[in-house]
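Contents: one structure, followed by commentary.
The values are calculated or read from the model by the stated rules, or taken from the named source; none is laboratory data. Computed from a predicted model, the values in this text were never measured in an experiment. Neighbour counts are summed over all protein chains in view; Cβ atoms, including those assigned to glycine, are modelled from backbone coordinates with ideal geometry.
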Amino acid sequence: MKSNYFFRSIHAMRGLASFAVLISHSLTLYPFFEFRAAAAGVDIFFVISGIVMCLAIEEDTSKLDFIKKRIIRVVPLYWIATGLSVAYIYARYPHMSHSWDWIIRSFLFLPQQPGVDMPILYTGWSLNYEMFFYLILFLSLFIFKNAPIAAACIVAMIASFSAVGNLISYNYFFKQIFIEFSLGILIGYFLKFGGRVEKNLGIFLIFLALVIFFIHNKFASSGFLAWGVPSAMLILGAISFENSELFKRNFVKIFGDASYSLYLVHPLVIWGIEWYVLPEHRGILQVAIAIAISIFISIIFYKWVEKPLMRFLSKNL
C-alpha cells in the first residue's frame, strides 16, 4: 500500500476490532454480562479489509505481487497458530480420534464438511472468507480494468444468495456478512478519490453506530444490517479524527500492529485456562486473566514471530 494511503484511524480500528473479539471469546469462560456486540469485531475487520484492498490496488498493480503479499500476510502465521491448535487438541484429548479431513481443510482455508462448523482454530472461519475475497480480487485483476469494483459486485452477488433458502445443500459462502467486503471497497474508493469525513459528521456516525450496537446487543440480533452497517459507520467516524493525537499514541499503534497476532493467539490462551480451571471455579478473574495474558503474548508474538517472519518472507520471496 502506498504510504499516502495509510490511515492511522483505520490501523487503530484494527486493534479495536481484535480487542472486541478477544472480549467476546473471553466471556465464554464466565459470561457475567451480555456483550454480543463485541463479536462485531469480525465485521469491522471485513469492512477494513475491503477498504485496504481497494486502496492497495492501482492500475499498475502486479497480479502475482498482489496475491503473494496477501498469502505472506495471512497464511504463515495462521499455519503456525493452527499447528499449535492441533498440538493442543492432541494433548488435551489424547484418546479421541481426530479427523485428518478436519485438519487439512483447516490449513487450506476450505469449508468444513457438513456438521462441522469451525476449523480447528475457530477464529479461522473468518480467514476462510478473507482468502476467498482475495481469490475473487486476484481473478478480477486478470479480467477487469477496475478490479475492486468488479470484485465488490461479485461479492455482493454471492452474499445476495443468502436470501435463497435451499440454493444448494451446503452454501458456506452465501452469507450476509460477505457483503461487508463490498461495503469496505466503496469506502475505499471514497477515500482514494479524496473523500473525507467532517468531525461533526464523524461524531454523529460514531454515536449512531454505538446506538445501533446497543440495540442489537439488547435484542440478540445478527447479520449484516445489525453489525456490518454500524461497523462501517464507526470506521467512517474514526476516519474523521485521522489527525487526532490519540491515533498517534504508541499503545494505539502497537494494538493495531499486533491485531492479527492477537486474533490468532487468544483462543490458545482461553483454551489453556479452560483446561486448567474447572467451570465451577471460573469467574471474572479468569476473564481478566485471559484478556491480559492474550494481549501480552500477542505483543511478544508480533515482535518476535510475526514481524521478523514477514520481513524474511517479503525479502526472500
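Taking LYS248, is it of a type in the set (D, E, K, R) and closer than 30 Å to GLN113 by Cα? Judged against the criteria, LYS248 is not a match. Restricting PHE142, PHE190 to residues that are surrounded by fewer than 19 Cβ atoms within 10 Å (Cβ to Cβ), more than 17 Å from the chain's Cα centre (by Cα) and touching a residue at least 40 places away in the same chain (Cβ under 8 Å) narrows the list to PHE142.
Residues of segment 127-166 that are modelled with pLDDT under 95 and not hydrophobic (A, V, I, L, M, F, W, C): LYS145, ASN146, SER160, SER162, GLY165, ASN166.
The condition (being under 17 Å from ALA17 (Cβ atoms), out of contact with any Lys or Arg (no Cβ under 9 Å at 6 or more places or on another chain) and assigned to a helix (DSSP H, G or I)) is satisfied by just one residue among GLY272, GLY228: GLY228. Does segment 211-222 include one or more residues that are in a helix (DSSP H, G or I), under 24 Å from HIS11 (Cβ atoms) and not basic (Lys, Arg)? Yes, there is a match, as at least one residue in segment 211-222 is in a helix (DSSP H, G or I), under 24 Å from HIS11 (Cβ atoms) and not basic (Lys, Arg). Scanning segment 108-127 for residues that are free of Cβ contacts under 8 Å to residues at least 24 places away in the same chain and closer than 22 Å to ILE270 by Cα gives VAL116, ASP117, MET118, TRP125. Scanning segment 145-158 for residues that are surrounded by 21 or more Cβ atoms within 10 Å (Cβ to Cβ) and either without any contact (Cβ under 8 Å) to a residue 40 or more places away in the chain or under 13 Å from PHE178 (Cβ atoms) (or both) yields ALA151, ALA152, VAL155. A single member of LEU225, LEU278 is under 30 Å from ARG196 (Cα atoms) and surrounded by fewer than 15 Cβ atoms within 10 Å (Cβ to Cβ), and it is LEU225. Condition (residue is part of a loop (DSSP other than H, G, I, E, B) and polar (S, T, N, Q)) applied to segment 190-210: is it met by at least one residue? Among the residues of segment 190-210, not one is part of a loop (DSSP other than H, G, I, E, B) and polar (S, T, N, Q), which makes the answer no.
Outside any loop (DSSP other than H, G, I, E, B), out of contact with any His (no Cβ under 6 Å at 6 or more places or on another chain) and in contact (Cβ under 8 Å) with a residue 40 or more places away in the chain: does that describe ALA290?
Answer is yes for this residue.
So in segment 30-67, with the set limited to residues that are within 25 Å of SER261 (Cα to Cα) and among the aromatic types (Phe, Trp, Tyr), which one is surrounded by the most Cβ atoms within 10 Å (Cβ to Cβ)? Only one residue fits best here, namely PHE46.
Just give me the residues in segment 56-79 being aliphatic (A, V, I, L, M) and within 23 Å of ALA20 (Cβ to Cβ), in sequence order.
Once the filter is applied, which keeps residues that are aliphatic (A, V, I, L, M) and within 23 Å of ALA20 (Cβ to Cβ), segment 56-79 yields VAL74, LEU77.
Of the residues making up segment 92-107, those that are surrounded by 11 or more Cβ atoms within 10 Å (Cβ to Cβ) and either without any contact (Cβ under 8 Å) to a residue 60 or more places away in the chain or not in a helix (DSSP H, G or I) (or both) are HIS98, SER99, ASP101, TRP102, ILE103, ARG105, SER106, PHE107.
Candidates ILE212, ILE179: the one that is of a type outside the set (S, T, N, Q) and within 21 Å of VAL52 (Cβ to Cβ) is ILE179. In summary, THR82 fulfils each of the numbered conditions (1) at pLDDT 95 or above; (2) more than 24 Å from TYR172 (Cα to Cα); (3) among the β-branched types (Val, Ile, Thr) with the single exception of condition (2).
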